[in-house]
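Just below is one structure, and these are the notes that go with it.
The values are calculated or read from the model by the stated rules, or taken from the named source; none is laboratory data. Remember, it's a predicted structure, so these values are computed and weren't measured experimentally. Cβ placement follows ideal geometry from the backbone for every residue including glycine, while neighbour counts extend to all protein chains displayed.
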Amino acid sequence: MIDLELIGHYAPNLMDANRAFSFINFASVGSLLDRAPTSIAYFCDGMLMSTFMSRITGRTIGRVSFDFTSIADSVFSYAEKHGKRLYFVGARQAELDLFLDKIRARYPALMIAGHHNGYFDATQATCILADICRSEANILIVGLGAGLQEQFEQDALRAGFNGVAFTCGGFIRQEAAANRNYYPELINRLHLRAFYRMYREPHTIKRYLIDYPTNFVHLWVMIVRRKVTINIIDP
């Protein structure tokens, strides 16, 4: 039995939580269904997932993603205003460096406690986790891909990190390559983000055309068979 905790919407008070949050859509949900339940709470990343979960539960569950079309600016602005320290993990080193330059320019008062690229082995991971704890970071942002990033969040909490952790998928890499924001305003307003991403990143075509429908059926069957229970949290 998988006990799935869904967050109905983002609220600033979540920034003071000592727990891990992630984001699911019909591509990433496959990694969740194939492993044991975790202590992570999830937002619905994408209109399809939020609509599906709203219909299944009978409650309104909003789309929440960790990017600049959703909560990234809220998180960074809150951290800048309240003196919260951030630690970033993810992407290649060159991408991470470019991303950090852009973030520092956009949020000049933001305190970055530390950072590390997303390519490391188990021994290095132990050192990174120790560095996160030493840095006294309040907010951990992890972009390692579905499954790995959730595991890293939990490892950080077990290692002694006492702040709030968010996964961010490919956000660091995408923003490093963007002129301003990854998604143009018109694309975002018309909810054409999936099509735009397939255009910008052709490797995602399989994800949208094959993984989405496959995982949709898988999730639906598990819900019908009561192998998945869904708890909605209103922060």
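Per-residue answers, yes or no, for (1) closer than 28 Å to LEU86 by Cα; (2) among the small types (Gly, Ala, Ser); (3) outside any loop (DSSP other than H, G, I, E, B):
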| residue | (1), (2), (3) |
| --- | --- |
| ASP3 | no, no, yes |
| ASN18 | yes, no, no |
| PHE21 | yes, no, yes |
| SER31 | yes, yes, yes |
| PHE43 | yes, no, yes |
| PHE52 | no, no, yes |
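Of everything in the range 62-81 that is buried (at least 19 other Cβ atoms within 10 Å of the Cβ) and assigned to a helix (DSSP H, G or I), the residue that is nearest to the chain's Cα centre (by Cα) is ALA72. Can you tell me which residue within the range 82-131, out of those that are out of contact with any Gly (no Cβ under 8 Å at 6 or more places or on another chain), closer than 20 Å to ASN179 by Cα and among the hydrophobic types (A, V, I, L, M, F, W, C), is surrounded by the fewest Cβ atoms within 10 Å (Cβ to Cβ)? Checking each candidate, the answer is ALA105. GLN149 meets each of the listed conditions (1) within 21 Å of ALA91 (Cβ to Cβ); (2) assigned to a helix (DSSP H, G or I); (3) without any contact (Cβ under 8 Å) to a residue 24 or more places away in the chain apart from (3). Listed by first and then second residue, the pairs linking a residue in the range 59-82 that is more than 24 Å from ILE232 (Cα to Cα) to a residue that is assigned to a helix (DSSP H, G or I), with Cβ atoms under 8 Å apart and 6 or more places separating them unless they lie on different chains, are PHE68/GLU175; PHE76/ILE103; PHE76/ARG106; TYR78/PRO12; TYR78/MET15; ALA79/MET15; HIS82/MET15.
No other residue among SER54, SER50 is under 16 Å from the mean Cα position of the chain (by Cα), modelled with pLDDT of 95 or more and over 23 Å from GLN151 (Cβ atoms) apart from SER50.
Residue pairs whose Cβ atoms lie under 6 Å apart, sitting 6 or more positions apart in sequence or on different chains, and linking a residue in the range 1-24 that is at negative phi and of a type in the set (Lys, Arg) to a partner that is buried (at least 20 other Cβ atoms within 10 Å of the Cβ) and outside any strand (DSSP E or B), do not occur here. Any idea which residue in the range 1-44 is modelled with the highest pLDDT, counting only those that are of a type in the set (S, T, N, Q) and within 13 Å of the chain's Cα centre (by Cα)? If we take residues in the range 1-44 being of a type in the set (S, T, N, Q) and within 13 Å of the chain's Cα centre (by Cα), then SER22 is modelled with the highest pLDDT.
Each residue in the range 171-221 was checked for being at pLDDT below 85, charged (D, E, K, R) and buried (at least 16 other Cβ atoms within 10 Å of the Cβ), and 1 pass.
Among the criteria (1) touching an Asp or Glu at 6+ places or on another chain (Cβ under 7 Å); (2) part of a loop (DSSP other than H, G, I, E, B), the one PHE99 does not fulfil is (2).
Looking at the structure I just gave you, is GLU80 in contact with a Leu (Cβ under 7 Å, 6 or more places away or on another chain) and not aliphatic (A, V, I, L, M)? Judged against the criteria, GLU80 is a match. Is there a residue in the range 36-43 that is closer than 18 Å to VAL221 by Cβ and touching a Cys at 6+ places or on another chain (Cβ under 7 Å)? Within the range 36-43, not a single residue is closer than 18 Å to VAL221 by Cβ and touching a Cys at 6+ places or on another chain (Cβ under 7 Å).
Please go through the range 132-146 and give me each residue that is surrounded by 15 or more Cβ atoms within 10 Å (Cβ to Cβ) and assigned to a loop (DSSP other than H, G, I, E, B), ordered by number. Correct list: SER135, ALA137, ASN138, LEU144, GLY145, ALA146.
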